[in-house]
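The values are calculated or read from the model by the stated rules, or taken from the named source; none is laboratory data. The structure displayed is predicted, hence computed values, not measured ones. Every residue, glycine as well, gets a Cβ built from its backbone with ideal geometry; the counts of neighbours run over all protein chains shown.
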Amino acid sequence: MGRPMREIFGETVTALADGDPRIVVLDGDLGSSTKADIFQAAHPERFLQMGIAEQNLMGVAAGLATMGFIPFISTFVSFAVIRPLDQIRVLIAQPGLNVKITAGYAGLFTGMAGKTHQVVDDVTIMRAMPGMVTVSPADDVEAEAVLRYAAVHEGPIYVRLVRDATQRLFDGSYRFELGRAIVVREGRDVTLISTGAQTPRTFDAAELLAGEGIDVHLVHVPTIKPLDEAAILAAAQRTGFVITVEEHTVLGGLGGAVAETLADRHPTPVKRLGLQDVYGESAPNDALLEMFGLSAARVAGQVRALLGRAGGS
Amino acid sequence: MSATATDGAEIARRAEIARLEEIARRIRVAVIRTVDHAKGGHLGGPLSAADLLAALYFRVLRIRPAEPAWPERDRFVFSKGHSSIGLYAAMALRGYFPLDELFTFDAPDSRLQVHPDMTRTPGLDMSTGSLGMGLSAALGMALGARLLGRDLRTYAMLGDGECQEGQVWEAAFVASRYGLDRLIAVVDHNRLQQYGWQGAAPEERLPPHGPGELAAKWKAFGWRTLELDGHDMAAILGAFDAAAQGEGRPTVLIADTVKGRGVSFMEGKFYWHTRILKPEEFAQAMAELGEPLEAMAAQ
């Protein structure tokens, strides 16, 4: 297992701020959950408590950005994307201000908090917003690389972080490049495209399928926007059948982005695995993965069934 | 101090007030001409804010129109963005862009968007237009200035209708919590909004906040609250001078104004929020503002 992304967040932003006085963190009263408290301990004067008032928080971040600061916003996705959406649109995305929306508790893992806190449509919303870069790292190694990139990226960026420890996919040689997808596993039979903390589980599914003689080509897409269209096209052409897998709604997220790209440029059969237009609920993480078909075994089972229907190998 | 020096200061003060009143008049003329030219646009709000805008742009704000991004400038966020025509008129008169550019309002590719766009208009510190957001951005600027140790002040202008947005009170709470005494909000309290709460008669509208209520709300949020007549230039300058003296907390000026101020048939009428002027209405407005059409034709 890797380390929880929230700890990576607290430590990485702290380290970045050691070398850059422009970095500030705005907390929405969740510093002990998001691990912004690590930053507060190191840089108390640049830890800005905004209270339980996230619409204001976004505006304050915008104002700070115009003064030359690099604000990192730290709260849950539900309060960093959904509640203050118009503020993000008007005050950050439209003026293109240099604000980092680095939100924790993405997807289903919210410490049992349930559907109010489980956000499964944020990628759809953020990638549809002109000017908003959207990144969903797979593990702790990639999360740190993405956060380091966010600090030097000029303009708004949304980074979708996961609360709990996730499987580690990458090693120390990993280098993040905005808009670049990564072939995690080369295969011939079917292309799986995944993002965020789902990718390591999808990788495990591929390994299960390999034991059954199904050779999966797996592409990890950390940057949903801008999308690595060339990598998507190449992966589709390689096998002729694409299955997307995401811990997110299948409407308009990674699956939507892949389907749009292929429909426009190289029509290819696509199936989208993920939440089928439903909300989550309070349950342990493993139970949630089973419930929504996102565990390695459940992904493998769905791929197997789809290949049967599609007449694959 | 000698009597002569005192008299001299009083003469200079009166001259300054007269100068600013003339600028406010010219802002109002520019607002009417722009809306007439564009065949539409907001009237009531820009006219109620004209005196405040004249004071801000020609007396209060430390700015350099020839160097809009001057780092030490005071910041100004025009939160009631739908009244942009008044803002643009003040900025044009101050020298940010030619007065004639007001006639590009509503035209494709204009630098002067209906709602202020900082990526297009020189001298704008924030994009606004979705109501309730500007004070938060100003709060961020004031926090940033404090972190940087800069001497500047940050101003934000809001409408009283806009003060129905919850975000305004989020910002009011947090600004108070940080004791930002170089953050100054100005509420253009014109007592009307686009449609509002109907009174006894179909065209009567009830003010969104009852007498004294708006000031009481800001006071309850910990702000130093100064009430003034927003059309009395001497009172406006006095209030801004008082606001500049920080007392460890942010200051709000509740400026009592009249929507549509300066044009008799617009004053206090909610339906002049936006409207197209008929030719005879345009002529009457110009005459009332001391800018008869014959004089314009001779220019």
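On inspection, residue B:286 fails the criterion of being in a loop (DSSP other than H, G, I, E, B) and hydrophobic (A, V, I, L, M, F, W, C). Only a single criterion out of (1) over 27 Å from residue B:279 (Cα atoms); (2) surrounded by 14 or more Cβ atoms within 10 Å (Cβ to Cβ) is not satisfied by residue B:4, namely (2). Exactly one residue out of A:63, A:107, A:59 is crowded, with 24+ Cβ neighbours inside 10 Å and without any contact (Cβ under 8 Å) to a residue 24 or more places away in the chain: that is A:63. Of the residues in region A:14-33, at least one is more than 26 Å from residue B:176 (Cα to Cα), small (Gly, Ala, Ser), touching a residue at least 24 places away in the same chain (Cβ under 8 Å) and surrounded by fewer than 24 Cβ atoms within 10 Å (Cβ to Cβ). From the list A:49, A:87, A:118, the lone residue that is in contact (Cβ under 8 Å) with a residue 24 or more places away in the chain and within 12 Å of chain B (Cβ to nearest Cβ) is A:87.
So is residue A:169 closer than 19 Å to residue A:304 by Cβ, outside the structural domain of residue A:58 (by TED's automatic domain parsing) and either crowded, with 24+ Cβ neighbours inside 10 Å or in contact with a helix residue (DSSP H, G or I) (Cβ under 6 Å, 6 or more places away or on another chain) (or both) or not? Criteria not met by residue A:169.
Can you pull out the residues in region B:79-129 that are within 20 Å of residue B:275 (Cα to Cα) and surrounded by fewer than 20 Cβ atoms within 10 Å (Cβ to Cβ)? Matches in region B:79-129: B:103, B:104, B:106, B:107, B:113, B:114, B:115, B:129. In region B:145-154, of all residues being more than 28 Å from residue B:194 (Cβ to Cβ) and touching a Lys or Arg at 6+ places or on another chain (Cβ under 8 Å), the one that is farthest from the other protein chains (Cβ to nearest Cβ) corresponds to B:153. In region A:91-104, of all residues being in a helix (DSSP H, G or I) and buried (at least 24 other Cβ atoms within 10 Å of the Cβ), the one that is farthest from the chain's Cα centre (by Cα) corresponds to A:91. Can you tell me which residue among A:79, A:109, A:72 is touching a Gly at 6+ places or on another chain (Cβ under 8 Å) and either of a type in the set (Phe, Trp, Tyr) or at the interface with chain B (Cβ under 10 Å from one of its Cβ atoms) (or both)? On inspection, the qualifying residue turns out to be A:79.
Checking B:124, B:131, B:139 one by one, the residue that is of a type in the set (A, V, I, L, M), within 13 Å of chain A (Cβ to nearest Cβ), part of a helix (DSSP H, G or I) and closer than 30 Å to residue A:72 by Cα is B:139 and no other.
From the list B:31, B:35, the one residue that fits, being without any contact (Cβ under 8 Å) to a residue 60 or more places away in the chain and crowded, with 23+ Cβ neighbours inside 10 Å, is B:31. When region B:98-121 is limited to residues that are more than 17 Å from the chain's Cα centre (by Cα) and charged (D, E, K, R), the one that is farthest from the other protein chains (Cβ to nearest Cβ) turns out to be B:100.
Taken over region B:155-175, the criterion of being within 8 Å of chain A (Cβ to nearest Cβ) and not acidic (Asp, Glu) is satisfied by B:166, B:167, B:171, B:173, B:174. A count restricted to region A:66-90 and to residues that are small (Gly, Ala, Ser) and surrounded by fewer than 20 Cβ atoms within 10 Å (Cβ to Cβ) stands at 1.
Give just the number: which of (1) away from chain A (no Cβ under 13 Å); (2) in contact with a Phe, Trp or Tyr (Cβ under 9 Å, 6 or more places away or on another chain); (3) without any contact (Cβ under 8 Å) to a residue 60 or more places away in the chain does residue B:90 not satisfy? (3) is the only condition that residue B:90 fails.
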